[in-house]
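Notes follow once the structure below has been shown.
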Amino acid sequence: MRREIRLHRDHEHLTESVAGALEHDIGACIAARGICHLVLAGGQTPLPLFDLLADAYREKISWDRVHLFWGDERYLPYESPHSNYGVARDRLIRHLPIPAENVHPMPTDADNAEEDAAAYERLLRPLLGPRPRFDLILLGLGVDGHTASLFPDSRALIERRRWIMAVDSPVLPPKRLTMTLRLINGARNVHFLVVGRDKAEALQCAFGQRRESQPCPAKAVEPSRGNVIWWVDATAAEGL
Ligand code: 6PG
């Protein structure tokens, strides 16, 4: 695994650099394999990136060769303002020339999160094969060190077989679906997007600079055959 940190003075400059890197990486994936499997992050940090991709990068990327997935989802209707898919649909997807069949949101309509988690895994397995290897996974970092919906002390952190799990969240909304480390750590490239002073302690923890006992699920993202790039702004990186 190659791990790299790329420091930017602010969210805007970080977003511009990530967009440029995605254009390059997506192009390389398509050149090599004819398709790019891209996993989007939830939360607020990626929103300016979605806006930029939907505008300046609308024509720069061959979106018809890109398949979109989600690393986690709040177990809510897509119409909820807190739905990761719903927000990405409104801020990114509806502006792109991407076929509907290339967009794979996590289902949240079975009124049973475990059923929907299993359904998403059934969708992924024929697309990815027995050794899942996403081309690009975007992840955020929570102030408690979580990533996707892998929260401290979650049973999902020790799951070695399942790719998708329904989990309880210590922050609202209480029920989520998440990719497990088994799936995330098969990736070719993982990009963490971390902005804000409130993430400084979690970032130190992710880089092993806090007490050993302090849990930090993001630290377990270590793709054995992949690269991890930490895109951080100056305020989040203050403690490094
Ligand atoms: C979610 C996430 C979560 C998020 C972090 C950072 O559904 O909330 O996927 O892991 O990426 O909590 O969130 P912010 O970008 O809003 O700080």
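The values are calculated or read from the model by the stated rules, or taken from the named source; none is laboratory data. Keep in mind that this is a model prediction, so the values were computed, not measured. Note that each Cβ is placed from the backbone with ideal geometry, even for glycine, and that neighbours are counted across all protein chains shown. Heads up: the accessible areas ignore ligands, DNA and RNA and are worked out on the full protein's heavy atoms, side chains in. Shrake-Rupley method; radii C 1.70, N 1.55, O 1.52, S 1.80 Å.
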Checking ARG133 against (1) within 16 Å of the ligand (Cβ to nearest atom); (2) in a loop (DSSP other than H, G, I, E, B); (3) within 27 Å of ARG155 (Cβ to Cβ): exactly one of these is not met. Which one? (1)
Checking the condition touching a helix residue (DSSP H, G or I) at 6+ places or on another chain (Cβ under 8 Å), outside any helix (DSSP H, G or I), surrounded by 21 or more Cβ atoms within 10 Å (Cβ to Cβ) and at pLDDT 95 or above, which residue from THR178, THR235 passes? THR178
Is at least one residue of segment 54-68 within 16 Å of the chain's Cα centre (by Cα) and within 16 Å of the ligand (Cβ to nearest atom)? yes
Under the condition of being of a type in the set (S, T, N, Q) and in contact (Cβ under 8 Å) with a residue 60 or more places away in the chain, which residue from segment 206-232 is surrounded by the fewest Cβ atoms within 10 Å (Cβ to Cβ)? SER224
Being among the hydrophobic types (A, V, I, L, M, F, W, C) and not in a helix (DSSP H, G or I) is the filter; apply it to segment 71-95 and report the residue that is nearest to the ligand (Cβ to nearest atom). LEU76
Anything in segment 96-120 that is part of a helix (DSSP H, G or I), closer than 17 Å to ASP64 by Cα and open to solvent by less than 20 Å² (accessible area, probe 1.4 Å)? List them, or say none. ASN102
For segment 43-60, indicate whether the set of residues that are open to solvent by less than 50 Å² (accessible area, probe 1.4 Å), in contact (Cβ under 8 Å) with a residue 24 or more places away in the chain, closer than 23 Å to LEU181 by Cβ and outside any loop (DSSP other than H, G, I, E, B) is non-empty. no
Using the structure shown, decide if ASP144 is charged (D, E, K, R), within 15 Å of the ligand (Cβ to nearest atom) and touching a Phe, Trp or Tyr at 6+ places or on another chain (Cβ under 9 Å). yes
Are any residues in segment 10-38 in a helix (DSSP H, G or I), of a type outside the set (A, V, I, L, M) and open to solvent by less than 50 Å² (accessible area, probe 1.4 Å), and if so, which ones? THR15, SER17, GLY20, ASP25, GLY27, CYS29
Within segment 157-175, how many residues turn out to be touching a helix residue (DSSP H, G or I) at 6+ places or on another chain (Cβ under 8 Å) and not β-branched (Val, Ile, Thr)? 9
Of everything in segment 202-220, what is within 11 Å of LEU141 (Cα to Cα) and not in a helix (DSSP H, G or I)? Give them in sequence order. CYS216
Taking the conditions exactly as written (closer than 22 Å to ARG2 by Cα and touching a residue at least 40 places away in the same chain (Cβ under 8 Å)), does LEU203 satisfy them or not? yes
Is there any pair linking a residue in segment 141-164 that is touching a residue at least 24 places away in the same chain (Cβ under 8 Å) and open to solvent by less than 10 Å² (accessible area, probe 1.4 Å) to one that is among the basic types (Lys, Arg) and more than 16 Å from the ligand (Cβ to nearest atom), with Cβ under 7 Å and at least six apart or on different chains, and which? TRP163/ARG182
